[in-house]
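The block underneath contains the structure these notes are about, expressed in structure tokens.
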Amino acid sequence: MPEPLLTALGVEAGYRSKQILFGVDFTISRGEVVALLGANGSGKSTALNTVSGFVRPSAGSIRFDGEEIAGSPPHRIFRRGIIQVSQARDLFPDMSVEDNLRLGAWVRGAEIEADLDAVCTSFPRLGERRRQPVRLMSGGEQQMVAIGRALMGRPKLLLLDEPSGGLAPVFVGEIAAIMTALKGRGITMLIIEQNIKLALTVADRFLILRDGKVAQGHDVRTGAATEEDIVRSIYL
Amino acid sequence: MQRSASDGAARAVVSRRVLWIVPILLLPLPLLLNPYQQYVINLVLVYVPVAIGFNVVVGNLGLLAFSNVAFFGIGAYTAGILMVRLGLPWWVAVPPAALMGAVAGCAASVPALRGVRLFYLAIMTLAFGELMRWVYIRWIPVTGGSFGMALPPPDLFGWSLDSEAGKFYVFLGLVLVAIIATDRILRSRFGRAFVAIKSDELAAAAMGVPTNRYITLGFAWGGAVVGVGGAMYAALIGHLSPPAFDLTELILEFAIIMVGGLGSLVGSVIGAVIITAAPEFFHELPGYQELLFGILIVLVILFLPRGLASLLARAHPLFRDRYDRG
């Protein structure tokens, strides 16, 4: 059996003296979409930030593509192909859509025009607003820029932290369609999502975090767990 | 039909070429002005690169570093020392002045690389300028100490620049090179990195941008351009002494970029023109000179917080900088 793309084993992490993760274990295979679910404060964002290097783990191992990455700085992890779209989106508001997208391919430097055209084709709204400063766009459009910028980096693993968070319903549908399209292209994703219906539409598998540990995991494809079962598992 | 980004960029380049008319219109200026007025125009030209370099660090990189007066002094003294102590012609001394300005820029970036920001960075870099002033005063055999150093008349390939008109044409050339080179840099990958660092340094690092390298490069470029301004100052004034590079000078340079527009290349030029030339116009009103100058600065900062450049940017897109919020 081939080695999973990402393997987290006994990961412990937190902020200063406050420990959030208490031995998190999970794997993600190539091409798989995994949703990380859990109540507020269960450690979902901390787990994602630990994988992307923004939070340094105090114990445990994170192996990615055969290499240990636990404790590496974010820019090194980015260069290895793990790209995160954070909840705050971390866009550069005064820059145009195009310049934000170009920054996503910063580490490659050259040969990015084809990727730029591909992203603008996948997200026609961005194509129409290439020269518009990002700060003048709606929340949904900014989310598209953030995802488009991540794609410019040709991610091996895309981390999405609440991609539908704070968006109008019309944009939630668009984001769902985008995520489904990315899955269709074989992009491996780890998603945090409060919208369980959206998560189940896209994910192959979900993990439930409780008190900083993986409490349960289900394969969506077997149909063993309904949306109601999952909500009950998260909150009860 | 949707216009492609490359069409838009080509149109922008064509329309920006219209700006070449400005230096062309300036060419007959020496024929129209008396020597004093010509001196004032030359002083404005000296402050254009000084403001451009300062604005790259403060306005484009977003780092509150007050080392500009150190770069200015280092550029001026490098040119002066090479002319007086080694007998080199002025034009030969200009590239070393830029180089020493760049080296000083790299040195001044060290606190920023260690994560020092805001007022702490301002104070540390301010100390750099004061330290250099101490060097100018104490290193008497080389700098002439408090009495300063009288410089020989500048020349260009043996052609004497004794007249204000001669200096004007050489200064205009240097200023054009500084503007075009800085514009190219700010519109390139470097410029994008600067703006990303200013906007969100952590997010820029997360995109793989080597932020420390670009902070050093920004300081080095700023230092080099200001160093050229220093060499021009040495040629214009003909005498270097430590008081010319004190805190008042720094405040004047800061006023130039604030009034012109932070992060704006156009603003650096406008600020240099207004702040350098305005006191000369107020000479006609003795006793009110400082008052009127102060009121001008306060009015601009109150009503145009993004500087005079924002007025021009509103009037025509040609004057908009790439990341203008206009």
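The values are calculated or read from the model by the stated rules, or taken from the named source; none is laboratory data. Bear in mind the structure is a predicted one, so any value in this text is a computation, not a measurement. A quick note on method: Cβ atoms are made from the backbone with ideal geometry, for glycine too, and the neighbour counts reach across all protein chains shown.
Here are the criteria: (1) out of contact with any Leu (no Cβ under 9 Å at 6 or more places or on another chain); (2) of a type in the set (S, T, N, Q); (3) touching a residue at least 12 places away in the same chain (Cβ under 8 Å). Tell me which single one A:Ser52 does not satisfy.
Against the list (1) out of contact with any Leu (no Cβ under 9 Å at 6 or more places or on another chain); (2) of a type in the set (S, T, N, Q); (3) touching a residue at least 12 places away in the same chain (Cβ under 8 Å), A:Ser52 comes up short only on (1).
Quick check: is even one residue across segment B:176-190 within 14 Å of chain A (Cβ to nearest Cβ), buried (at least 20 other Cβ atoms within 10 Å of the Cβ) and not in a loop (DSSP other than H, G, I, E, B)?
Yes - at least one qualifying residue is present in segment B:176-190.
When you look at A:Glu32, is it touching a Gly at 6+ places or on another chain (Cβ under 8 Å) and among the acidic types (Asp, Glu), yes or no?
Against the criterion (touching a Gly at 6+ places or on another chain (Cβ under 8 Å) and among the acidic types (Asp, Glu)), A:Glu32 does not qualify.
Given the options B:Gly148, B:Gly158, B:Gly166, B:Gly173, name the one that is in contact with a His (Cβ under 7 Å, 6 or more places away or on another chain), over 25 Å from A:Glu111 (Cβ atoms) and more than 10 Å from chain A (Cβ to nearest Cβ).
Answer to the selection: B:Gly148.
Are any residues in segment A:28-49 crowded, with 19+ Cβ neighbours inside 10 Å and under 16 Å from A:Asp211 (Cβ atoms), and if so, which ones?
Passing the criteria: A:Leu36, A:Leu37, A:Gly38, A:Ser42, A:Gly43, A:Lys44, A:Ser45, A:Thr46, A:Ala47.
Please find, among A:Phe64, A:Phe78, the residue that is in contact (Cβ under 8 Å) with a residue 60 or more places away in the chain, crowded, with 22+ Cβ neighbours inside 10 Å and within 14 Å of chain B (Cβ to nearest Cβ).
Just one listed residue meets the conditions, A:Phe78.
Restricted to segment B:205-217, and to residues that are assigned to a helix (DSSP H, G or I) and within 20 Å of A:Ala150 (Cα to Cα), which residue is farthest from the other protein chains (Cβ to nearest Cβ)?
Filtering segment B:205-217 for residues that are assigned to a helix (DSSP H, G or I) and within 20 Å of A:Ala150 (Cα to Cα), the one farthest from the other protein chains (Cβ to nearest Cβ) comes out as B:Thr211.
Within segment B:57-80, can you find the residues that are part of a helix (DSSP H, G or I), out of contact with any strand residue (DSSP E or B) (no Cβ under 8 Å at 6 or more places or on another chain) and under 17 Å from B:Val135 (Cβ atoms)?
Across segment B:57-80, the qualifying residues are B:Asn68, B:Val69, B:Ala70, B:Phe71, B:Phe72, B:Gly73, B:Ile74, B:Gly75, B:Thr78, B:Ala79.
Since B:Ala231 meets every condition but one in (1) over 30 Å from A:His75 (Cα atoms); (2) surrounded by fewer than 24 Cβ atoms within 10 Å (Cβ to Cβ), which condition does it not meet?
Just one mismatch for B:Ala231, condition (2).
Can you find, within segment B:81-94, the residue that is farthest from B:Tyr136 (Cα to Cα) among those that are in a loop (DSSP other than H, G, I, E, B) and aliphatic (A, V, I, L, M)?
Only one residue tops the list, namely B:Leu88.
Can you work out which of the residues in segment B:191-204 that are crowded, with 19+ Cβ neighbours inside 10 Å and more than 25 Å from the chain's Cα centre (by Cα) is nearest to the other protein chains (Cβ to nearest Cβ)?
In this case the residue turns out to be B:Ala203.
Looking at segment B:238-258, is at least one residue at positive phi, under 14 Å from the mean Cα position of the chain (by Cα), modelled with pLDDT of 90 or more and not in a helix (DSSP H, G or I)?
For segment B:238-258, residues at positive phi, under 14 Å from the mean Cα position of the chain (by Cα), modelled with pLDDT of 90 or more and not in a helix (DSSP H, G or I): absent.
Checking B:Gly230 against (1) part of a helix (DSSP H, G or I); (2) over 12 Å from the mean Cα position of the chain (by Cα), which test does it fail?
Every listed condition holds for B:Gly230 apart from (2).
Of all the helices (runs of 4 or more DSSP H) wholly in segment A:51-125, which have at least 3 residues that are within 19 Å of the chain's Cα centre (by Cα)?
Filter on segment A:51-125 gives A:74-80, A:97-104.
Is it the case that segment A:130-143 has a residue that's in contact with an Asp or Glu (Cβ under 6 Å, 6 or more places away or on another chain), surrounded by 22 or more Cβ atoms within 10 Å (Cβ to Cβ) and closer than 22 Å to A:Gly81 by Cβ?
No, segment A:130-143 contains no residue that is in contact with an Asp or Glu (Cβ under 6 Å, 6 or more places away or on another chain), surrounded by 22 or more Cβ atoms within 10 Å (Cβ to Cβ) and closer than 22 Å to A:Gly81 by Cβ.
Regarding A:Asp115, is this residue surrounded by 18 or more Cβ atoms within 10 Å (Cβ to Cβ), over 25 Å from A:Glu193 (Cβ atoms) and more than 10 Å from every other protein chain (Cβ to nearest Cβ)?
yes
How about segment A:84-93: which of its residues are at the interface with chain B (Cβ under 9 Å from one of its Cβ atoms), touching a strand residue (DSSP E or B) at 6+ places or on another chain (Cβ under 6 Å) and not hydroxyl-bearing (Ser, Thr, Tyr)?
A:Gln84
Looking at segment A:16-50 only, could you name the residues that are outside any loop (DSSP other than H, G, I, E, B), of a type outside the set (A, V, I, L, M, F, W, C) and farther than 23 Å from B:Met207 by Cα?
A:Lys18, A:Gln19, A:Gly23, A:Asp25, A:Thr27, A:Gly38, listed by residue number.
Assuming B:Val13 fulfils every condition listed in (1) modelled with pLDDT of 85 or more; (2) not in a loop (DSSP other than H, G, I, E, B) apart from one, which condition is it?
Unmet condition: (1).
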